[in-house]
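*Asks:* First, the structure itself, so that you have it in front of you.
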Amino acid sequence: MVGLRQRLGSLGERVAAAHLEAKGYRIRERNFRTREGEIDLVAEHRGTLVLVEVRTRRGDGQGGPLESVTPEKQARLRLMADAYCAARRINPEQIRIDVVGVTLMADGRLGGVEHVENAVEGL
């Protein structure tokens, strides 16, 4: 059985994908698993490969979704990016890591979507 947290994450990923597609991004892969974790979305935009971390929050009781990307999470995202590049034989200099924060209201309505390009540096 799929838990509430997984359903919330899946909904956030669908919202983020639709948001990115509306901005001209092409979604290439979803939920790419590495030993270090999972890359939520892999997209392409204007010739750049973009690895996307999606953070979803219901309400703002625990802070906004972007605040949850800690330095530790950023380090893990860099490791996942390296693993993706190795698996797909891609030069790491040809990618970037973006973060999309999705906020849902307590009643389930969309509260907002924030997209930060190149949110994680140091690849």
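*Asks:* So if R0 is 22 Å, what FRET efficiency would Leu8 and Asn118 give, r being the distance between their Cβ atoms, rounded to the nearest 0.05?
*Replies:* 0.30
*Asks:* Residues of the chain: accessible area per residue at 1.4 Å, in Å²?
*Replies:* Heavy-atom accessible area per residue stands at 59 Å².
*Asks:* Shifting gears a bit: For the chain, what is the charge dipole size about the Cα centre, in debye to the nearest 20, if Lys and Arg each add +1 at the Cβ and Asp and Glu each add -1 at the Cβ?
*Replies:* The calculated dipole for the chain is roughly 380 debye.
*Asks:* Note down the accessible area of Arg30, probe 1.4 Å, to the nearest 10 Å².
*Replies:* Here the residue's solvent-accessible area equals roughly 120 Å².
*Asks:* Given the options Gly37, Gly108, Gly12, which has the most mean-square fluctuation in a GNM of the chain, springs set between C-alpha atoms less than 10 angstrom apart?
*Replies:* The residue that fluctuates most here is Gly108.
*Asks:* For the chain, take the longest principal axis of its alpha carbons; what is the angle in degrees between that and the long axis of helix 71-88, to the nearest 10 within 0 to 90?
*Replies:* So the inclination is approximately 50 degrees.
*Asks:* Taking every DSSP beta bridge with both residues inside the chain, roughly what % is antiparallel (nearest 5)?
*Replies:* About 65 percent, rounded to the nearest 5.
*Asks:* Could you check how much of the accessible area of segment 43-123 is carbon and sulfur, as a whole percent, using a 1.4 Å probe?
*Replies:* The nonpolar share, carbon plus sulfur, comes to 44 percent.
The values are calculated or read from the model by the stated rules, or taken from the named source; none is laboratory data. As the structure is a prediction and not an experimental result, all values here were calculated from the model. Using ideal geometry, Cβ is built from the backbone for each residue, glycine included, and neighbour counts are taken over all protein chains shown. Only protein heavy atoms, including side chains, enter the accessible area calculation; ligands, DNA and RNA are left aside. Shrake-Rupley method; radii C 1.70, N 1.55, O 1.52, S 1.80 Å.
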